Structure formats: C-alpha cells, structure tokens
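Please read the structure below before turning to the comments.
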Amino acid sequence: MMHLVELRDLGRSFTLGGETVEALRGINLEIKRGEFVALVGASGSGKSTLMNILGCLDAPTAGTYLFAGQDVSALGQDALAELRRRHFGFVFQRYHLLNSLSAVSNVELPAIYNGVSKSRRQARAERLLAQLGLEDRLHHRPMEMSGGQQQRVSIARALMNGGEIILADEPTGSLDSINGAIVLDHLKTLHVEGHTIVMVTHDMGVARHADRIVEIRDGQIVSDRRNVATVTHPSPGLVDLAGEAGFLTSFLRRTSEAARIAFRSIAAHRLRSALTLLGIVVGIMSLAAVIGLGEGGQAIVLDQINRLGANSISIFPGTGWDDRNAGNVDTLTPDDAAALAEQSYINSVSPQAWDTGQLTFESTTVDGLINGVSNAYFDIAQLPLTQGNRFTGGENRALQEAIIDNNIRRTLFGNSRSPIGEILFVKDVPFVIVGAIGELGGSLGQDKRPQVFIPHISMISRISGSQRLPEIVVRINESVGTDVGEKAVIAFLEKRHGTRDFFTYNSDGIRRSIEKTTRTLSMLLGSVGAVTLLVGGIGVMNIMLVTITERTNEIGLRMAVGARTSDIMLQFLIETLAITIMGGCAGVALAFGLSALIHSIGTPIPMVISWHAVSVGCVMAIVVGAVFGFLPAKKAARLKPIDALSRD
Ligand code: ADP
Ligand code: MG
C-alpha cells in the first residue's frame, strides 16, 4: 500500500549569519492514511521544522518528500498551495486566527480559496463550530474568546476543506489542562472519524494519546514505536469541497472575496486610508482642474475668434505687428475696400477705423471706443442687431448715424429707456442712434470700454479727418476657402499698391496658433498635476508596503490555508486600486466644486470640467493604483508561507 507521506533521508539546514544549523538530518518516516502520530522531543529538536515540511509550508534542503507517491519538490508555488488547500488542515500553538474576523469567517477562510460559495461556506463553518461546541460563539472575534475556544475555532478551520491530514503543532501548548484535554478529545474523535493526525508535542502526557510516538532529538529520529494495539481506521470518505466550482466561478468568487477583504481593511484603517488618499485627491483634482481651465480658456479664446467670423481675413498696413513704421503707411484706403468688394471670391468687405473719445448723452459722458465701419462689418464680425437698424446710407454716405453696444445702452440709457432715435455726441459731433448690438466686452482680450459704431465715411470726414485705414476686414466666399482667399487678396492688393506694404491675418491661423498655445499651457499645467499624482502614488505605495509588513502574519496564514500567489496579489492590488479610485472620485468631485467656486467668483477664465477631464482623472487614478499597487502586491505574494507565519 502506498504511504500517504514518505520522507527519505530528509534534511533541513538553516544558514544564519554564516553559520549553518542542521535542524533535521537523515529523516526517514512513513505515515499511513488514518494514523495518529505524535512527534515528541525537547524544544529545539526540530519538531516544528519537520511539521512545516510535512505541511508544504517549508521545503527540505536534502532528501525527498513523497506525498501520496508524488515528489513534492517538483511542485510550484500554486500547486503546493493547492496541496495545502485540499489535503492539510493546520492547528498552531498560537492559533493564528485573524483578529478582525468572526469565528465563522475565520473557519471559512480555506474554502474561499477553493471557490466555494458564500452560503455553503457559512453553513459548513457553522456546523463545524457547532460540532466543536462553539454554537454560541459563531460571531465572536478571537479576542472575545478564551484560548481553548480559539484553538477549537482553529480545529474547525483545519476541517473546513476536509482536513484529510491534520497537522497540529503543540495544539495544547498554550492551554490549561482542562482546555488541553478538550482539544485532545476533539483530535481523538477526528482520528476515529478517519482523519490522519500528526501532532507535535514536547509533553509525553499528551503524546500518549496517539497511536504512534516518534521521538526526535537534535534533528534525528531516535525512536518510533506503537503506543497501544493500533487500530487504523479506514477513511470514511471525508468531505472534500475542493474542485467544486468551475474555474471561472471560482475565480470570480475569489476576486469578489479579495475585494471584500480589501474594503474591510480600508474600513479598519479609516484615518490612515483617508490620509493616504489625500495625495491622490489633490493630484486628480489638479489634473481635472487644469484640463478644465485649459478647455475653458480655449473655449473663450475660440469664442472670441469665432466672433471675427468664419472665413474672415484682416488686412493691416505695414509689414507686421512689429513694424514701427506702420503708422506712416497710408496706402490702405477705403478705395482698396471698394475694389476688393468687386472681387468674385469675396463675400463682403468692411473698412475699420478706430479712435477713442468722449461719448455724451444729455449730461452724462463716458470714455469710449469709436469704430468706423460699413454695414458689412456686422455680418463679418457676427454682431447681430438687438434693436433698431443698420446705417440707412449703407457704404457711401457720411450720415451721422450710430450703432451702440450694450455697454453704452446700459450706462447712458438705463434699462427702461430706448436709445433708438436719441442723439449721442461722439467727440462733440451729434449722431442719431439707429441701432444697438449685444454685449461685447467682458471676455478675454476684448476692449471693455463702451463701443460705438459709425459709418467709416463719417469717421473720416467728421472725426479723424484721415483717409488712412488701420484695418480692412474681409469675408471670403465659403466655396473658396480662407487660405486660397487670403492668397488672392494679397496678390490683388500687392498689384494695386505695387508693393507689399500690408499684412494679413487669417482667423483660422489665429485659431490654430491659439489652440497650440493653450495645448502647450495645458500640458505644462497638466504635468504639474501629474507630478502631484506621482508623489501621491508613491505615498500610497509606501503605506501599502507598511500595511503588508504589518499583515505578514495574515498573509502567511492565508497562504498556509491554500491562498495562491494570485489571490494574495489580487487582494493587495484591489486594496491599492480601491484607495486610488476613491481618491480619484473625490478629486473629480472637488474639481467640480472648484469650478463652481471659480464660476461664482467670476474670473475671466472659466473652468469647464468636461467628460474629458473626468475620464482622464478616473483613468489616471486607475493607472496610478495599478502601477503603485503592483510592487507591494508582488512583495506580498512573494513571501514564503513559513517566513510570513513565523514572524511574530
Ligand atoms: P522545535 O519545534 O522542536 O522546538 P524547531 O523545529 O523550531 O524546534 O527548531 C529546530 C532548530 O532549527 C532550532 O535549533 C532552531 O533554532 C532552528 N531553526 C528553526 N527555524 C529556523 C529558522 N527559520 N532560521 C534559523 N534557524 C531555525
Ligand atoms: Mg516548535
């Protein structure tokens, strides 16, 4: 008959500070199914080391361990975890229960990693606890129970996945004699039911309850004897929950369980989690805010440019904005405007001359901007009249008619009085108000002074006295296109003037350059947000590393009861992600708040928190969580079960 456990020439040495300790040497041992074996020996003789190797929590440094005929050294981490999960139940001297979980949840633990459903797990855990006389302690936490009760909880946990082989390391070592006897009785009952039991003890009084006593001294077996006439009980088909769920179901259940663990851990350290979150919150908020400001600013600038009108071109005298001699160039004239208007590719043309001066109505005077334009200007600049009409004389007559903006209407006429038909003095020249347009000022780069529009011929003859035009605005036919139109305008005027003494500006070009500028600005500000986020992410990673150090024992226990490396990774990755995603949501919410605040203060650049900003914020939170959660999660998953467990 094949032995359940077979050790051949097994050895285990530890190297500590250059010194090698041979904890086990030349161990040959066979254990049959259904045996109750006691490993006895003095403290430091190597019992626990042997036990840990038997339970696949540790690996030998020499010899062979065959479990059910299979060489265990050939198995990887996850296969070993599966072996532990399906065949072994551990009972430790110090119980190793998780203090944050109730008795039932502690008992359920091994079944989680088997993918058993919550309801089945719970029912089985409750039944096992009841069998061990703990039916009235189901929802107590370890701290609320006596040592004897805690040890019975850990026996129930060992049985959760069937507990074919129960490995008990000094199970009575921390208990008084009465509780010790109770625990021993339970182990004997389990033996009778068919479980294989290996129990470590230094107490011969405890060992004599076993069928077989193996004595270890200085890492070697010195005796191996039957205790009484041994009855080896046939296995009565132990309940085995392993393999119950399919891979996907099991994976989903384990993932949701990992998420529950993660959230419970966050909830258990609320202040710490909140402080950790802070860096992410600020990072995501600034990122979303920066994107919002960028988009808000761009929207405003584009709005301004769109007012210039689509397909519009401005023509200025001189060679460029930096031409200091431009003021002396007087070749750009109303005649040019009239000639351009004849061209087939041109939709409309308006001269634009400007001046500043006092605008007076009755006894009130304001400083304002005076524009000399033609009727076409209101089309090109897309300024619809809100009241009255355009200049009755059109292009050609120097009528003293004025169109005012809303600013003048408000300051000089108030809300109730209609300005139409009233006389406005422009630099002491009387003009009849014939129309009004809407609000002009208030946005970026726009002159906030009140503005009045008069026919450009009146401007020349009554206000400025000069034929010279500082600007001509042109609207190209849509079918032609702005770029082609611009070239045609340049060619036409160059021929007319005989020289290139003017320059043009194309609204599309301005739009492009402004879009580029705001994009650069956004990127610059965005990188500030990114740096904040980076620092926040490092903070999260730091805290997660601390958390893992604190919870090394928990990780060890989870691995002992059969958690895969992926289960451990998932648990900590989800914990980090949960923190960063919560931080991201809070950051986006704060960005919305900030935008509302900015709106209520009324700054010139609004903050537009668009879906773009929100999604960038959320994606960044996830990326930061995944990037900075990976290292801690990897570190946790790499722990060796025995190292993690024994770190007290
Ligand atoms: P027992 O359980 O019989 O009291 P152990 O198996 O715990 O004894 O230890 C056996 C020997 O191995 C002791 O000398 C102990 O110091 C040594 N030992 C056990 N674990 C380690 C370890 N992780 N690192 C170094 N030495 C160890
Ligand atoms: Mg020990």
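Per-structure values
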read-out	value
Calculated Rg and Dmax of the range 5-245 using C-alpha coordinates, Å	17.5, 52
Ranked packing of 117-123, 480-486, most packed first, by mean Cβ within 10 Å	480-486, 117-123
Solvent-accessible area, 1.4 Å probe, carbon plus sulfur percent, for the chain	56 percent
Ranking by accessible area, most exposed first, for C618, C56 with a 1.4 Å probe	C618, C56
Heavy-atom accessible area ranking, 1.4 Å probe, most first, across W321, W354, W611	W611, W321, W354
Residue-normalised accessible area of the range 81-170, given per residue in Å² at a 1.4 Å probe	32 Å²
Debye intensity ratio in log₁₀ form over the Cα atoms of the range 87-141, taken at each q of 0.17, 0.22, 0.27 Å⁻¹	-0.53, -0.90, -1.25
Debye intensity ratio in log₁₀ form over the Cα atoms of the range 535-636, taken at each q of 0.14, 0.25 Å⁻¹	-0.62, -1.19
Rounded to 5, percent antiparallel among DSSP beta bridges of the range 5-245	55 percent
Tensor-based shape of the range 88-196 (alpha-carbon gyration tensor, a/c under 1.5 rounded, otherwise prolate or oblate)	oblate
Peptides ranked, highest mean first, by Cβ atoms within 10 Å: ranges 10-17, 463-470	463-470, 10-17
Percent of beta bridges antiparallel (DSSP, the chain, rounded to nearest 5)	70 percent
Value in Å of the Kirkwood radius, where the chain supplies the Cα pairs that are averaged	32.0 Å
Hydrodynamic radius of the range 527-568 per Kirkwood, over alpha carbon pairs, in Å	12.0 Å
Length-normalised contact order for the chain - Cα pairs under 8 Å, 6+ apart - percent	17 percent
Reciprocal mean inverse distance between Cα atoms of the range 391-473 - Kirkwood radius, Å	13.7 Å
Reachable lysines, given that their alpha-carbon falls under 23 Å from the alpha-carbon of K634 and they are not under 8 places away in the same chain	none
The range 5-245 - charge dipole about Cα centre, Lys and Arg +1 at Cβ, Asp and Glu -1, debye rounded to 20	360 debye
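The values are calculated or read from the model by the stated rules, or taken from the named source; none is laboratory data. Note that the structure is predicted; figures quoted are calculated from it, not measured. Note: ideal-geometry Cβ built from the backbone for every residue, glycine included; neighbour counts use all protein chains shown. We work out accessible area using only protein heavy atoms, side chains counted, and drop any ligands, DNA or RNA first. Shrake-Rupley method; radii C 1.70, N 1.55, O 1.52, S 1.80 Å.
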